[in-house]
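Beneath this line is the structure, given in structure tokens, with notes to follow.
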Amino acid sequence: MGNPLGTGADGTPVPTFGLINRLGADLNPVEGRIYDNLIQTNATIMPGSSGGPLLNTEGKVIGINTAMGTGVKSGMIFGFAILLDNPTIDLIHKLSLGQVTAHAFLGVAPAFQLDTVSQKRLGLNEISGALVAYVEPKTPADIAGIRQGDLIRSVGDKRIFNRNDLFSAINRYEPGQTVAVGLKRGKNGTSEDITFRVTLSGRKESR
């Protein structure tokens, strides 16, 4: 339900219908925002529908419409909704009370892709992981010893295949928690596996 492009001029919500295609979907960061654990649906979500409810056939609200995307090969338009699970409901409650929430923060900026130069430096045959392009000084990553050029492969028990996986994994922790970050570090075509114990800090945001 929503009001796409203002078509409901009288303010009446406009419904669209579709199927849930996937759970746990991720989107590339947009304007600094990280979108993960989303419900993907082929029900049309257009500008103006964001913030509206995604309902199941029983009339229960299961998500909050938030974005749309187009399949690269198929050209199909998909809608994405934030899963209305207990952590999300708790966050909404805190925001409604005017409380500022803190998000777990590692302190690295991962590259968008693992380039061939880094691949050769690490001696890898396959491209998989989140390549650290920058480490912010005096952050948990910097204090633990993570460096630019490291390839993060795991956070806790979650395997990291790309930068979105890294954002998603960190998002599942609370500030102050300590997590094992596994990575590959290498040069001249050889690499070694290293695991750091990182105590995550928090960045406060009111979004």
**Message:** Quick check on this structure: which one of GLY129, GLY176 is at pLDDT 90 or above, small (Gly, Ala, Ser) and under 19 Å from the mean Cα position of the chain (by Cα)?
**Reply:** GLY129
**Prompt:** Counting only residues that are at pLDDT 80 or above and not in a strand (DSSP E or B), how many does region 11-43 have?
**Reply:** 9
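Quick one: is LYS94 charged (D, E, K, R), closer than 26 Å to THR12 by Cβ and at pLDDT 80 or above? Even if it seems obvious, please write down each step before you answer.
Details: charged (D, E, K, R): yes; closer than 26 Å to THR12 by Cβ: no; at pLDDT 80 or above: yes.
No, not satisfied.
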**Message:** What are the pairs with Cβ atoms under 9 angstrom where one residue, in region 1-22, is on the phi > 0 side of the Ramachandran plot and without any contact (Cβ under 8 Å) to a residue 24 or more places away in the chain and the other, located anywhere, is surrounded by 11 or more Cβ atoms within 10 Å (Cβ to Cβ) and not in a helix (DSSP H, G or I)? Sequence gap at least six, or different chains.
**Reply:** GLY11/ASN3
**Message:** All but one of (1) polar (S, T, N, Q); (2) more than 23 Å from LYS187 (Cβ to Cβ); (3) part of a strand (DSSP E or B) hold for SER168; state the number of the condition that does not hold.
**Reply:** (3)
**Fill in**
Restricting attention to region 110-169, the residues that are open to solvent by 80 Å² or more (accessible area, probe 1.4 Å), over 28 Å from GLY24 (Cα atoms) and free of Cβ contacts under 8 Å to residues at least 60 places away in the same chain number exactly 8
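The values are calculated or read from the model by the stated rules, or taken from the named source; none is laboratory data. These figures come from a predicted structure and were not determined experimentally. No Cβ is skipped: glycine too gets one built from the backbone with ideal geometry, and neighbour counts run over all protein chains shown. Calculation scope for accessible area: heavy atoms of the full protein, side chains included, ligands and nucleic acids excluded. Shrake-Rupley method; radii C 1.70, N 1.55, O 1.52, S 1.80 Å.
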